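Enquirer: Below are the structure tokens for one structure; questions will follow.
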Amino acid sequence: MKTVHYRAAALAALLAGAAASVHADPVPLPDPQIPGYHFPETEATLLGWVNQPTAANRQSIDLHGWGLWASLTAPSGQTEFGIQNVPVYLTWLSPQEIAKLPPGTASRPVKLAHVQRALTLGLPTQFFRSKSLIDKLDKDAAKHKKLLGAASSTPMSVRDTDVIETVGYDPSAAAFAQQNNLFSLAALRAIYKAGNASIPAFPDTAVTIKPVYKVVSKAHSFQNLYVMPAWPGTPEVITPKIKSEGFPESSWPGCVYVDNQNTGTSTASGVDPTCKGPTANSTYGLGDFIHATVTKDNIDQIKSTSRLTDIELGDTVILVGMHVTSREMTEWTWQSYFWTPDPANPPLPSSAEVASHRPAQLTGPAAHYAMTIGYQMVAPNQPVSSGKSVGEPVIAYNPYLESGFNAATFGPTPANPGITNPATGKTYRATVGVQTNCMACHGTASAAFDGSKRLAYLTDMYLSRTDPVFQKHLQTEFLWSIPDNAR
């Protein structure tokens, strides 16, 4: 593993430069020099931590997740999109870029370096997985447009509830996907027709990511401060409204403010709970975020791919979340990060305990993010195949991606058996986005063939790799980005 001296990297201008003319030199995950952290870790070690959930082993799992975050946000020494020394994760190719590479093989691989880049930022693909989600998007957009057009603005009326995303593959994952032509529907069909249940297994160094951003714009400003909702934590009660509408940003009660003129950090750690107006303790600087600048070279592309039309030159893009998964074990590791006002005391699905395991080597804006982590679907852990949906739930999701999922997003296939506790006989049945688990939700990732329908996302439950639901489907190694982008 390449060693790079670690320091937290603020992305000063993620989108600066001419995107169409920049060439990539993808950087593998560096060693963040964190004692006890290793990448790739062995599957035996990871499963040992999972299957024996002592306090020390839980800390080891958290440290592994924080180590990945430190490596991803470390300076790369590379220039991307006209920006010098960008974070490592920004050097990685998207599925769209990988799909455009010429054919290659393991013995004669195509070099990933010097590939022409094309920045693609759009609304999260999972927002379009069901008609109810699409209808809700349109309804929320119309409501927000009406609020923005009101004669007098309030923080609640102007706050920004939109996010945009991209997907990235580390160099080893990108090379493997390219060599196996995994973004070709014809290639996937050939693998399926050959009698395979799944695509080939990625190498243990493979990592894929989904960064999520907001645009700090004048259109969402109050008293010259950008306004965004503040994640309040997982709701204690799943109400009929949450089952019907999910718990999207438009339902979050509080606000935080960002001073676009302050490129440094703040001393704030609070939230405006009722969105009445900014205070010193609820106003943050751009330096509290991994952030970026919108330029003339990319503004048209962002508008066209994201449906965000109120972006102006000089606006800033801030990172608010990121899904991260690594193929260090058969079911992959799953960790997700989200920006939080008080990183020492983040709300669910993170916790103060998880935050306390953040290593001292992780500093700067990258340390302003919370982590939720789930290396199993249920507890105690079940085998990869032929296990049971029993025990306790393991909740791990990103507020900026899954909280808006209502009950209609899931099912009816696979059916939801719930998670039965053998000790009490009671069954926990998750129904909405704030009751999801990254591993379980990605467990149905597959391409549908022979007239079958695409499998739905899952809430938290156990799903065997040999479940009959996979008949007439080709499993895609827990990666929805493959069937989502295969053409």
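Any read-out appearing in this document is the output of simple, stated calculations on the displayed coordinates, not a laboratory observation. Because the structure is a prediction, the values reported are computed rather than measured. In this analysis, Cβ positions are derived from the backbone assuming ideal geometry, glycine residues included, and neighbour counts consider all displayed protein chains.
Enquirer: Cut-off is 10 Å between beta-carbons; in what order do I311, I302, I238 appear when sorted fewest neighbours first?
Expert: Values: I311 21, I302 24, I238 16.
If I rank by nearby Cβ atoms, fewest first, I get I238, I311, I302.
Enquirer: Given the alpha-carbon gyration tensor of region 33-87, what are the semi-axes of its equivalent ellipsoid in whole angstrom, ordered largest first, with each equal to the square root of 5 times an eigenvalue? Before the final figure, lay out the partial values.
Expert: Details: eigenvalues 189, 19, 13 Å².
Semi-axes, largest first: 31, 10, 8 Å.
Enquirer: Give me the compactness ratio for the chain, meaning the Cα radius of gyration over 2.2 N^0.38 Å.
Expert: Working: Rg = 21.5 Å, N = 487, 2.2 N^0.38 = 23.1 Å.
Its radius of gyration relative to the 2.2 N^0.38 Å reference: 0.93.
Enquirer: Sorted from fewest to most neighbouring beta carbons within 10 Å, what does the list D25, D288 look like? Kindly include the intermediate steps, with their values, before the conclusion.
Expert: Values: D25 16, D288 27.
So the ranking, lowest neighbour count to highest, is D25, D288.
Enquirer: If you don't mind, there's one more thing I want to ask. Across region 58-75, in residue order, what do the Karplus-derived ³J(HN,Hα) couplings come to in whole Hz, using 6.51 cos²θ - 1.76 cosθ + 1.60 with θ = phi - 60° and x for Gly and Pro?
Expert: Computed from phi, the couplings for region 58-75 are 4, 5, 5, 5, 4, 4, 5, x, 5, x, 4, 5, 4, 5, 4, 9, 5, x Hz.
Enquirer: What is the Å³ per residue value for the convex hull set by the Cα atoms of region 255-342? Walk me through the intermediate numbers first.
Expert: Values: hull volume 14.3 nm³, N = 88.
Taking only Cα atoms, region 255-342 has a hull volume of 163 Å³ per residue.
Enquirer: Dipole magnitude of the chain about its Cα centre, charges +1 at Lys/Arg Cβ and -1 at Asp/Glu Cβ only, in debye to the nearest 20?
Expert: About 1120 debye.
Enquirer: Now for a separate question. If you check each cysteine of the chain for another cysteine whose beta-carbon is under 4.7 Å away, which ones come up empty?
Expert: That list is C438, C441.
Enquirer: Quick one: Karplus J couplings for region 408-413, per residue in order, coefficients 6.51, -1.76, 1.60, θ = phi - 60°, nearest Hz, x for Gly and Pro?
Expert: These are the phi-based 3J(HN,Hα) values: 5, 5, 10, x, x, 10 Hz.
Enquirer: For the pair A190 and D300, how long in nm is the line joining their label points, each one 7 Å along Cα→Cβ?
Expert: Simple spin-label model gives 3.7 nm for this pair.
Enquirer: Evaluate the Kirkwood expression for the hydrodynamic radius of region 310-398, namely the inverse of the mean inverse distance over all pairs of different C-alpha atoms, and round to one decimal in Å. Intermediate values should be presented prior to the final figure.
Expert: Values: mean 1/r = 0.0663 Å⁻¹.
In region 310-398 this quantity evaluates to 15.1 Å.
Enquirer: Helix-only mean residue ellipticity at 222 nm, the chain, DSSP H runs n ≥ 4 weighted -39,500 (n - 2.57), per residue, nearest 500. What is it? Intermediate values should be presented prior to the final figure.
Expert: Values: 12 runs with 101 residues, N = 487.
After summing the helix terms and dividing by the residues of the chain, the value is -5500 deg cm²/dmol.
Enquirer: Distance between Cα centroids, region 400-438 to region 368-393: provide it in whole Å.
Expert: Using only Cα atoms to place each centre, the spacing works out to 13 Å.
Enquirer: Something else: According to the Kirkwood expression over distinct Cα-Cα pairs, how big is the hydrodynamic radius of region 366-475, in Å? Walk me through the numbers before you get to the answer.
Expert: Numbers: mean 1/r = 0.0687 Å⁻¹.
About 14.5 Å, per the Kirkwood formula over Cα pairs.
Enquirer: Okay, next question. Can you give the FRET efficiency to the nearest 0.05 for D467 and A113, using r as the Cβ-Cβ distance and R₀ = 56 Å?
Expert: Numbers: r = 41 Å, r/R0 = 0.72.
So the FRET efficiency works out to roughly 0.85.
Enquirer: While we're looking at this one, here's another question. Take the eigenvalues of the Cα gyration tensor for region 287-442, scale each by 5, and report the square roots as semi-axes in whole Å, largest first. List each step's numbers first, then the result.
Expert: Details: eigenvalues 230, 85, 38 Å².
After diagonalising the Cα gyration tensor, the semi-axes are 34, 21, 14 Å.
Enquirer: While we're on this one: If you keep only loop residues by DSSP, which GluC sites (Glu not before Pro) in region 228-314 have at most 10 other Cβ atoms within 10 Å of their Cβ? All intermediate terms of the calculation are to be shown ahead of the outcome.
Expert: Working: sites: E236, E245, E249, E312; in loops: E236, E312.
Those satisfying the criteria are E236.
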